[in-house]
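The values are calculated or read from the model by the stated rules, or taken from the named source; none is laboratory data. Bear in mind the structure is a predicted one, so any value in this text is a computation, not a measurement. Here the Cβ positions follow ideal geometry from the backbone for every residue, glycine too, while neighbour counts run over all protein chains shown. Quick note on the areas: whole protein, heavy atoms, side chains included, nothing else; ligands and nucleic acids left out. Shrake-Rupley method; radii C 1.70, N 1.55, O 1.52, S 1.80 Å.
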Amino acid sequence: GAGARALWGPDARRVLGARLAALDPALAADVGPRLAGALDAWTDAYGATATAACVRTHAERTWSTATAAQAQRCLAARLRPLRALVATWPTLTAEGVAQAASLVHGLEPPGECLDERVLLGGYARPADPALAARVSALEARLDAVDHATDRGDLDGARGALDAVLVEAEALGHAPTFARALLVDGELLRARRAFEAAAARFERAYATARAAGADPIALEAVRWLIWTHGVDLGRPTAARPWIVQAEPEAERYGLQHLQARAVLHAAAVVAEISADYGRALELHQRLLAVDSIAPLQRAQAATNLASALDAAGRSAEALPVYDQALAAFAAQLGPAHPRTLSVMSNMIVAHVGAGDRAGALALAERAVAALDTAVGVDPYDAAMLRFNHGFALDQLGRAAESAKVYEPLRQALIELSGPDSTDVADVEANLAMAYITLGRQPEARPLLEHALAVRLDAYGEEHDLVATVVTALGDVAHKASGCAASAPLHERALAIFRAVEARTGAPMRRKAGPLTALGDCASRAGDHARALALLEEAVREATADGNVTLRYLAEVSLGEALGAAGRIAEARARLVAARALIDDADPDAARERGLIDAWLREHPDPAARPK
């Protein structure tokens, strides 16, 4: 443990405290104790691991000389990120504090240096001393590239890595070359060169797997899954890698970060594919792993909550999010980027649980913190603003949400590319706001582009495709009536039903096309079909907890009952719909007025004098 204590001792503690105080006394009081406490705990764990390795080598003599050497290399490798981190204390900037906190909590657990599978897979060396020395030298240079990438010095990292790649390939030591390829893929991904990164990860995976370098192979295939399924929005391209990698991760052991990262990537791809049952299963397996650090457990809880929310179980997601948020705020601080990320996700969950006012209050709090927070990734900031716009949407504040979405769309084009799913998401929501504001001509091209992107990313059978097709149907109805809109709404309904059949998860948002088709059937005089469609729409919207969808379905059902001559039932439905109108909705008075006028024009038959 002396190595760790030499790096994180009284002198380093004083330097960190003085630097934080010079940056901002409030920052020193808030962040300083958190960082110091985390480093104390890690240093203690390092000392315990070093002692156990010594006992196995010299007292128990259960380790060979080679295994003992691998353990020492592992322990030395665990110290390198700490050494690099401590070296930044004297020049730490306010913007770098959040990243420093994440790096402290992300230090790899030293206890893994007692696991012989880890030692063999990652720390074996050639028998030739000269070759072993060259391998160690290249690894040190790769560590420096990693550190430069973490600091955001991508140009410096690129320049250093190019030379290492050439030397590593010429050296002929497969694990070292595999790691160089992996580092290159991560650097390309940091530059958002996703296609090139995927090619590098694929070669890194094949090279590491053939050499038995399991940790490198798992890290490479994790990024292959993520790059194809998330960065490039092509989950179908990720699935063959998931099928291959998942059993490899299980065999290596979920107590190891590299193995858990594979299952996490697979779970995210399952969510993107609307296979929510599969996503929940994977996230629950990860949360059940005992030997993980508190922040890793908090991240696992966040991931599970996100999957619950995506699966339509938002009320169940909120207490899981609360648990994660408390851990992040306690360990990293209330305005740390990761804390804000959890708040961003919670906005959506509050909406899903029917708490729209709570969603907006949380969004406003998070956006206010974002304005003063430092070190927040621009993409994460964009996603938080996106969710703020969504919260405004849900309260019927379309004009305000459009003002959020319009600049956000341009920011996401620059961050993710014009044909990314991120841009499609904001375009779909901006189009919905335009529809509400009566700006249908502006909505149509946005929806058409969003549909093209989502079809390319997800295929026809996906709820996000159905959502855009529904909106295109709504635009077509405004412009040309039922003849133009019905085929689109029929297509959307068919997609929702196909997704239900494939995944077993109810697609409650089909209440939208059901309502539109029911309205059209009622206008055409097909009362039986209209009532069947609208009764199903009310059931789905009620089960979903989406008050807006339920209101529209209830009003349409009431009007259809009236058209069918069933006035008493129609009145009951419209009275129920009236009770759903939210005073915060700018159109509340107009909507109540329309219902009240209908009720006056259609008195209760039972109340008429005989």
task = Within the set of other residues whose C-beta is less than 14 Å from the C-beta of A479, count the net charge using Lys and Arg as +1 and Asp and Glu as -1.
result = 0
Over the chain: helical MRE at 222 nm, DSSP H runs n ≥ 4 each giving -39500 (n - 2.57), nearest 500 = -26500 deg cm²/dmol
note = On the formula 1/(1 + (r/R0)^6), with r taken between the Cβ atoms of L120 and A579 and R0 of 45 Å, the FRET efficiency rounded to 0.05 is 0.10
request  = Specify the angular offset, from 0 to 90 degrees and rounded to the nearest 10, of the alpha carbon long axis of helix 567-580 from the longest principal axis of the alpha carbons in the chain.
outcome  = 40 degrees
ask   = Given R₀ = 60 Å, FRET efficiency for R83-Q284 by Cβ-Cβ distance, to 0.05?
value = 0.95
ask   = Relative to the longest principal Cα axis of the chain, at what angle does helix 10-23 sit, 0 to 90 degrees, rounded to 10?
value = 40 degrees
note = Residue separation between T51 and A357 times 0.36 nm, minus their alpha-carbon distance, gives in nm 104.7 nm
query = With charges only on Cβ, +1 for K and R and -1 for D and E, what is the dipole size of the chain about its Cα centre, in debye, rounded to 20?
reply = 540 debye
inquiry  = Heavy atoms of the protein only, probe of 1.4 Å, neighbouring chains included. What is the accessible area of C54 in Å², nearest 10?
reply    = 70 Å²
inquiry  = Angle check, please: helix 398-416 long axis (alpha carbons) against the longest principal axis of the chain (alpha carbons), in degrees 0 to 90, nearest 10.
reply    = 40 degrees
key: Spatial separation of Cα centroids for segment 82-147 and segment 525-595, in angstrom   = 62 Å
remark   = Dipole check, the chain, charges on Cβ (K,R +1; D,E -1), about Cα centroid: among P25, G512, M432 the Cα furthest to the positive pole belongs to P25
query = Counting only protein chains, not ligands or nucleic acids, how are V465, V55 ordered by accessible area (probe 1.4 Å), most first?
reply = V55, V465
message = Just to verify a number: what accessible area does I567 come out at with the full protein assembly present, 1.4 Å probe, Å² rounded to tens?
response = 30 Å²
ask   = How do D44, D422, D604 rank by accessible surface area computed with a 1.4 Å probe, from largest to smallest?
value = D44, D604, D422
query = Taking +1 at the Cβ of each Lys and Arg and -1 at the Cβ of each Asp and Glu, which of V575, A366, Y321 sits farthest along the dipole of the chain towards its positive end, judged by Cα position relative to the Cα centre?
reply = Y321
request  = Determine the order of E95, E427 by accessible area, beginning with the largest, at a probe radius of 1.4 Å.
outcome  = E95, E427
query = Extension gain A589-S480, at 0.36 nm per residue separation less the Cα-Cα distance, in nm?
reply = 36.5 nm
request  = Filter the trypsin sites (Lys or Arg not before Pro) in segment 59-118 down to the DSSP loop ones having no more than 16 other Cβ atoms within 10 Å, then list what survives.
outcome  = R61
Separation of alpha-carbon centers, segment 263-323 and segment 459-520, rounded to whole Å = 28 Å
remark   = Net charge near A576 (other residues with Cβ under 10 Å of its Cβ; Lys, Arg +1; Asp, Glu -1) is +3
request  = Within segment 549-563, which residues have the backbone N less than 13 Å from the label spot 7 Å out from E569 along Cα→beta-carbon, could you tell me?
outcome  = 557-563
task = Could you order peptides 243-255, 589-601 by the average number of other Cβ atoms within 10 Å of their residues, highest first?
result = 243-255, 589-601
task = Could you size up the charge dipole of segment 116-228 around its Cα centre, putting +1 on the beta carbon of Lys and Arg and -1 on that of Asp and Glu, and report it in debye to the nearest 20?
result = 180 debye
task = Along Cα→Cβ, 7 Å out, is where each label goes; now give me the distance between the ones at Y379 and D526 in nm to one decimal.
result = 4.6 nm
Lys, Arg +1 and Asp, Glu -1 on Cβ, resulting dipole of segment 335-476 about Cα centre, debye, nearest 20 = 480 debye
message = Taking the Cα of D143, stepping 7 Å toward and past its beta carbon, and measuring to each backbone N in segment 69-113: which are under 11 Å?
response = 73-85
Added length on full extension, which subtracts the Cα-Cα distance from 0.36 nm per residue, L415 to A94 = 113.2 nm
Unpartnered cysteines - no second Cys beta carbon under 4.7 Å - across the chain = C54
remark   = Probe 1.4 Å, all chains present, heavy atoms only: R338 accessible area in Å², nearest 10, is 70 Å²
ask   = Along the charge dipole of the chain, Cβ charges K/R +1 and D/E -1, which of A100, P378, A52 sits furthest on the positive end?
value = A52
